[in-house]
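Visitor: The structure is given below, and queries will be raised subsequently.
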Amino acid sequence: MELLNFKFWSGSEDSLHAYLTSIKQMVEAGVTEPPKTANYGQDDDEDERIPRLFSKQGDIGIISIAGPLNNTDSWRNVYLNATGYPEIRAALVHAAQQADVKAIVLDIKSGGGAVSGVTDTAELVAMVDQKVKPVYAFSDGMIASAAYWLGSSARSVDIGKVTEVGSIGVLTVHQDLSKMFADMGVKLTVLRAGEYKALGNSYEPLSEKARAEIQGQLDQMYTMFVQHVADSRGVSYAVADEKMAQGRVFVGQAAVDAGLVDSVTSFDALLSKIQRGIDAEKYSPKYGASFSRGSSMPKAAL
């Protein structure tokens, strides 16, 4: 199933368990089509479809990112209360192309998800912010692991008083099914050409060589994650690793003190602040480029 097409998970164990449980329940229920109540995008006109993650308040486009993150745009994400990276990118492009959207807020309530797809999406967040229109991140719940990877790519990250932040790390789970098959009377023989081919598969015990290979991949991804956080938050790799990362979770003001986020506020307060800035620039161009002129999405991002 496409929803299980990931090997490495940048999220909490709870988020992984919840995601896998939801998929199991969906399969057991025999769900084969979108829920009739799902608003999976809506027609704005005959030529355009509004992404389901996008909404608008005043001059601000809001992209809602909730639940486990995966690398699909399947309608099943609605049923699973999950969000796909392709969906986020589609909403970003849509928001960037709307002349009446002057700023974008990523409203994040997620414990993270699949590693595959997160880097491209984070790069798009940064590109839109730097070249098209400002992108802010907010969370009033959880912004952890891969979800923080995305949020830290915005120009600022603001959170609610009890929001959980961080869990910067990567995990994978190896399933050894060999004993289960042996108990069923099935003997499995793994044949390979190439010393490292299919190491760590589920049909044989995890060898030390396979463990070392997988750990090396995890370490490589962890290094990329921490470096991204360091670059985004303007600190050295050593500081990010020591004070922000290592899988630790910070709550509220502690996340501000650690340098992971910029302030503790409310969603409405943040929107009001951004809207006031937009209004000020409309009437006072001397403070910078006027948002009222609009902007268009670079072709490279389409």
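The values are calculated or read from the model by the stated rules, or taken from the named source; none is laboratory data. Everything numeric in this text was worked out from a predicted model, so none of it was measured. Glycine also receives a Cβ, built like all others from the backbone with ideal geometry; neighbour counts cover every protein chain displayed. Protein only, heavy atoms only, side chains kept; ligands, DNA and RNA dropped before computing areas. Shrake-Rupley method; radii C 1.70, N 1.55, O 1.52, S 1.80 Å.
Visitor: I need the strands (runs of 3 or more DSSP E) fully contained in region 44-113, keeping only those with at least 1 residues that are touching a strand residue (DSSP E or B) at 6+ places or on another chain (Cβ under 6 Å) and in contact (Cβ under 8 Å) with a residue 60 or more places away in the chain.
Guide: 60-66, 103-109
Visitor: To continue, here is another question. Are any of the residues in region 270-286 on the phi < 0 side of the Ramachandran plot and at pLDDT below 50?
Guide: yes
For every residue, the table says whether it meets (1) assigned to a helix (DSSP H, G or I); (2) surrounded by 13 or more Cβ atoms within 10 Å (Cβ to Cβ).
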site	(1), (2)
206	no, yes
209	yes, no
214	yes, yes
220	yes, no
230	yes, yes
240	yes, yes
254	yes, yes
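Visitor: Would you check if there is a residue in region 178-197 being at pLDDT 90 or above, aromatic (Phe, Trp, Tyr), in contact with an Asp or Glu (Cβ under 9 Å, 6 or more places away or on another chain) and not in a helix (DSSP H, G or I)?
Guide: no
Rundown of residues vs (1) closer than 13 Å to residue 105 by Cβ; (2) of a type in the set (Gly, Ala, Ser); (3) touching a His at 6+ places or on another chain (Cβ under 7 Å); (4) open to solvent by less than 30 Å² (accessible area, probe 1.4 Å), yes/no style:
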| site | (1), (2), (3), (4) |
| --- | --- |
| 51 | no, no, yes, yes |
| 56 | yes, no, no, no |
| 60 | yes, no, no, yes |
| 65 | yes, no, no, yes |
| 75 | no, no, no, no |
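Visitor: Looking only at region 130-146, how many residues end up being surrounded by fewer than 22 Cβ atoms within 10 Å (Cβ to Cβ) and either part of a helix (DSSP H, G or I) or under 13 Å from the mean Cα position of the chain (by Cα) (or both)?
Guide: Matching residues across region 130-146 total 2.
Visitor: Please name all residue pairs, on different chains or six or more residues apart, with Cβ atoms under 6 Å, provided the first residue is in region 141-153 and is in contact (Cβ under 8 Å) with a residue 40 or more places away in the chain and under 16 Å from residue 235 (Cβ atoms) and the second residue is open to solvent by 10 Å² or more (accessible area, probe 1.4 Å) and aromatic (Phe, Trp, Tyr).
Guide: none
Visitor: Given (1) open to solvent by less than 20 Å² (accessible area, probe 1.4 Å); (2) at pLDDT below 95; (3) over 20 Å from residue 234 (Cα atoms), identify the lone condition not met by residue 108.
Guide: It is condition (2) that residue 108 fails.
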